[in-house]
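> First the structure, then my questions, so here it is.
What follows draws every value from the coordinates through simple rules; no lab data is involved. Just so you know, these numbers come straight off a predicted model, no measurement behind them. Cβ: placed from backbone, ideal geometry, glycine included. Neighbour counts: every protein chain shown.
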């Protein structure tokens, strides 16, 4: 039978193929077109390459990056509830993705080439697990709030929230927690049990209440989790989630609308 | 397919911004930011001052660069009228369309979605657009692009005869 990590890497290869096709088609080609069309527009103006480059790619504004991407003030101005929901999803997703990536490589692959124990069985792994549990909880709460809000205010929210995308990410998160809980139910003496502060009591309850074949069940749920996660990544560039790539770039480059003012001024100066 | 568009004559514009107001009033239910903007530029110092006022909104380009730049295919061009509109259900508010637009027309609305002139899509095509209707000097003219091109040529040639700057903006062809 196929090893679960072989299954995982097969999934990742398929998902990443779709992901990169989507990123190429819906992002890279678009950026290339914008650079080309802006370059063509300015080429005939007899200006130097430095000025042309500045017009082509204006310097991203640090304040805009801070306000729009990190603090997301624009959403806060609309509603504090929407801001909290979006911030939970954004911070949870970014942190768990980074930690998971690090744990996968440090815990499963890099130790073949470097000698360390800290992230294999030491406190480093516990810290990573704690961080993932915390960010996963933030993501799960944010997504649950988003889904409830989307369903209750279906008519208004339809414009802003893609339900199937939200549901897919919610399934990724929920099965992630479930996989961890079931794994711990089969390993009651796991030395890193304390790090899983959310799933530990649930795992203890499951372990004492049922006598199922936990390792087999854990592998099954983990494979389900990996499948949902891979499907989600493949879907990112074809869904509204592409904004995680395009919005920070577009909004910082266009400096939150300042770029539009500059363009209009250039036209009016040209007519002066 | 007919391509409708705007003709703007800077020689006639007095910078009263009535077009901005008319646009906001007519599109009040869907507009959260200004779709039409009057850019005012001054040069020189008293008494040798020259100025220009340019009223700009989406020009509904024939080969709209915003449409090609959108990663969600949220911007579409109407086959019958050539008007370029944003589908807010698909838009993610990334502002790549603004980066591509030569006129800086698309604006980020308060709901985090791009907004731009819809060429008063709820008005029948036979009547004037809100900005055109209100303009006290007829600096903004809308219509089929072939008609506007003829109109523009007549105006420009008339002015060139008197050695004046043509000063018109006809942003419909390509970009």
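> On the principal axes of its Cα set, how long, how wide and how thick is the stretch B:78-169? Give whole Å, largest value first.
In descending order, the Cα extents are 49, 29, 27 Å.
> Given 0.36 nm per residue, what is the gain on full extension from residue B:110 to residue B:32 after removing their alpha carbon distance, in nm?
Values: separation 78, 0.36 × 78 = 28.08 nm, distance 0.61 nm.
Working it through step by step, the gained length comes to 27.5 nm.
> What nm distance separates the two modelled labels at residue B:80 and residue A:127, each placed 7 Å from Cα along Cα→Cβ?
Taking the two extended label points, one gets 6.5 nm.
> Further question on the same structure: Using the beta-carbon distance between residue B:138 and residue A:16 and R0 = 51 Å, what value does 1/(1 + (r/R0)^6) give for FRET efficiency, to the nearest 0.05?
Values: r = 58 Å, r/R0 = 1.13.
Calculated transfer efficiency: 0.30.
> Rounded to the nearest 500 deg cm²/dmol, what is the calculated helix-only ellipticity per residue at 222 nm for chain A, with -39500 (n - 2.57) per DSSP H run of length n ≥ 4? The partial results should precede the final answer.
Details: 12 runs with 190 residues, N = 272.
Mean residue ellipticity at 222 nm (helix-derived): -23000 deg cm²/dmol.
> Here is a follow-up. Using label points projected 7 Å from each Cα along Cα→Cβ, tell me how many nm separate residue B:48 and residue A:261, to one decimal.
Those two pseudo-labels are separated by 2.9 nm.
> Tell me the angle of helix B:145-161 to the major Cα principal axis of chain B, expressed in degrees between 0 and 90 and rounded to the nearest ten.
20
> Ok, one more. Using the Kirkwood radius over Cα pairs, work out the Stokes-Einstein diffusion coefficient for the stretch A:81-250 at 20 °C and 1.002 mPa s, in µm²/s as a whole number. Present the calculation step by step, with values, prior to reporting the outcome.
Working: Rh = 17.4 Å.
Roughly 123 µm²/s, to the nearest whole number.
> The protein assembly as shown: D in µm²/s via Stokes-Einstein (Kirkwood Rh, Cα pairs, 25 °C, 0.890 mPa s)? Write out the running numbers ahead of the final one.
Numbers: Rh = 25.2 Å.
Translational diffusion coefficient: 97 µm²/s.
> Same structure, new question: With r as the distance between the Cβ atoms of residue B:21 and residue A:35 and R0 = 22 Å, compute the FRET efficiency 1/(1 + (r/R0)^6) and round to 0.05.
Values: r = 36 Å, r/R0 = 1.65.
Taking R0 as 22 Å, the efficiency between residue A:35 and residue B:21 is 0.05.
> Rounded if a/c is under 1.5, else prolate if a/b is larger than b/c, else oblate: which is chain B, with a ≥ b ≥ c the root eigenvalues of its Cα gyration tensor? List each step's numbers first, then the result.
On the way: a/c = 1.76, a/b = 1.46, b/c = 1.20.
Prolate.
> Gaussian network model of chain B, Cα springs within a sub-10 Å range: biggest mean-square fluctuation belongs to which of B:95, B:59, B:40?
B:40
> Taking R0 as 35 Å, what's the FRET efficiency between residue B:146 and residue A:73 from their Cβ-Cβ distance, rounded to 0.05?
On the way: r = 46 Å, r/R0 = 1.33.
Calculated value: 0.15.
> What translational D, rounded to a whole number of µm²/s, comes out for the stretch B:1-92 from Stokes-Einstein when the hydrodynamic radius is the Kirkwood one over Cα pairs, at 10 °C and 1.306 mPa s?
102
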